[in-house]
Amino acid sequence: MIQRILEEKLIQSLQTMPVVVILGPRQVGKTTLALELAKSAVEKPIHYLDLELNSDLAKLDDAESYLRRFENQLLVIDEVQRKPELFPVLRALVDLRKRNGERAGHFLLLGSASRDLLQQSSETLAGRIRYLELSPFSVPELSQNDPLGFNLEKLWFRGGFPDSYLAESESESQNWRRDFISTYVEKDIPLFGPSVPATRMKRFWSMLAHYHGQQVVLTEIGKSLEVSHTTARTYLDILQDFFMVRQVHPWSGNTKKRLVKTPKVYIRDTGLLHSLLNISSFDQLLGHPAVGASWEGFVMENILNQLSPNWTASYYRSSNQAEINLVLEHGSKEVWGVEIKKSSAPTISSGFHRACEDIGATKKYVVYSGSDRFPMRGDIEVVGLIEFLGMISGVV
């Protein structure tokens, strides 16, 4: 479902905007999606450049002269963050094409890192560009496209990267994820700009996995790595910029209670999380101390990827341990308190009830690993993940 919505947005964007950008982590399928849909979105020739190839990168030494050769064509430029100085040239070419009557579908850019791409394009292409994000496989996408063959536990354990999820065996999936992590820290991150020793970044990423679903204490990690708190913060920002980590910020509404103000950190793909924690089988995961945090992150990522821009998401924790895993707000009318539980027979602490009173929750839910829906005391509804994601998608 999510990918179908993205496909519709991509086609519509290519037909109305001069520049469209698909952002997302490497190996998630951006190139395949872009080339397949571009053919049906625009009635013009398509030319593809991959800036990971030195031969294609060299063609852009004189970018303006080279790209002007492709008037009335859609240029697909992959890994565009490798050429950040390209954006002012794109702006000039977009304006030239518009004067010549070519309104939309000039450039389709693909990027595996957000920071450089967003910084370079926000000013130079303002009003001429639209961003879309492609995530790994999600629960709605797989459950609706293959309802009989969909395996929720497999997606949770292996994660949503296509090569990991679709691997023929668990060992093949494990090997792919280990190689992915090593390649990211040894090649991809340095290639895109940030200069961080690969062994140190891998250690930081592994240490961060142990804080999954918690407020990360960067001073402690920094001491272990023998770097400053500021440097550890830079490492965290890099992983977030490369779509590997998500930070969920604390609720900031009006209350007299003292609130925790540090973001919670999640490894966005649970397959990568399990590899970083050296969890090699699903049975091992079920007996691991991190099983609850892993399930929380899996549910959290699927919910946040499903939300429309009209929703805001945060978490709530006060100094007296009143806590809500996820607070979803839709304007001033809807305030949902969402607790995430792995147990098939979930129980709720008094802290959740107090927290819901603090935020003025209009609805209270427990999202659990089962599929039945039933009420609990305190006007709480217990809902399975697939059903809850359907509820979210129905509120735009």
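The number of residues in segment 13-32 being closer than 23 Å to PRO136 by Cβ and either assigned by TED's automatic domain parsing to the domain that holds ARG177 or among the polar types (S, T, N, Q) (or both) comes to 4. Go through segment 290-326 and report how many residues are among the acidic types (Asp, Glu) and within 22 Å of LEU142 (Cα to Cα). Of the residues in segment 290-326, 2 are among the acidic types (Asp, Glu) and within 22 Å of LEU142 (Cα to Cα). Condition (residue is in contact with a Ser or Thr (Cβ under 9 Å, 6 or more places away or on another chain) and closer than 30 Å to LEU57 by Cα) applied to segment 198-212: is it met by at least one residue? Looking for residues that are in contact with a Ser or Thr (Cβ under 9 Å, 6 or more places away or on another chain) and closer than 30 Å to LEU57 by Cα, one finds at least one in segment 198-212, hence yes.
When the residues of segment 200-232 are narrowed to those that are crowded, with 21+ Cβ neighbours inside 10 Å and aromatic (Phe, Trp, Tyr), which ends up farthest from the chain's Cα centre (by Cα)? Among those that are crowded, with 21+ Cβ neighbours inside 10 Å and aromatic (Phe, Trp, Tyr), it is PHE204. Only one entry of GLY360, GLY331, GLY370, GLY378 meets the criterion of being in contact with a Gly (Cβ under 6 Å, 6 or more places away or on another chain) and more than 21 Å from PRO263 (Cβ to Cβ), and that entry is GLY370.
Annotation: ILE267 fulfils all but one of (1) buried (at least 19 other Cβ atoms within 10 Å of the Cβ); (2) modelled with pLDDT under 95; (3) in contact with a His (Cβ under 7 Å, 6 or more places away or on another chain); the unmet one is (2). Restricting attention to segment 249-256, does a residue exist that is closer than 26 Å to ALA198 by Cα, surrounded by fewer than 22 Cβ atoms within 10 Å (Cβ to Cβ) and not acidic (Asp, Glu)? Within segment 249-256, none of the residues are closer than 26 Å to ALA198 by Cα, surrounded by fewer than 22 Cβ atoms within 10 Å (Cβ to Cβ) and not acidic (Asp, Glu). When GLU8 is tested against (1) assigned to a helix (DSSP H, G or I); (2) surrounded by 15 or more Cβ atoms within 10 Å (Cβ to Cβ); (3) of a type outside the set (S, T, N, Q), just one condition goes unmet, and that condition is (2).
The values are calculated or read from the model by the stated rules, or taken from the named source; none is laboratory data. This structure is a prediction, so every number in the text was calculated from the model and none was measured. Note that we place each Cβ from the backbone using ideal geometry, even for glycine, and neighbour counts take in every protein chain shown.
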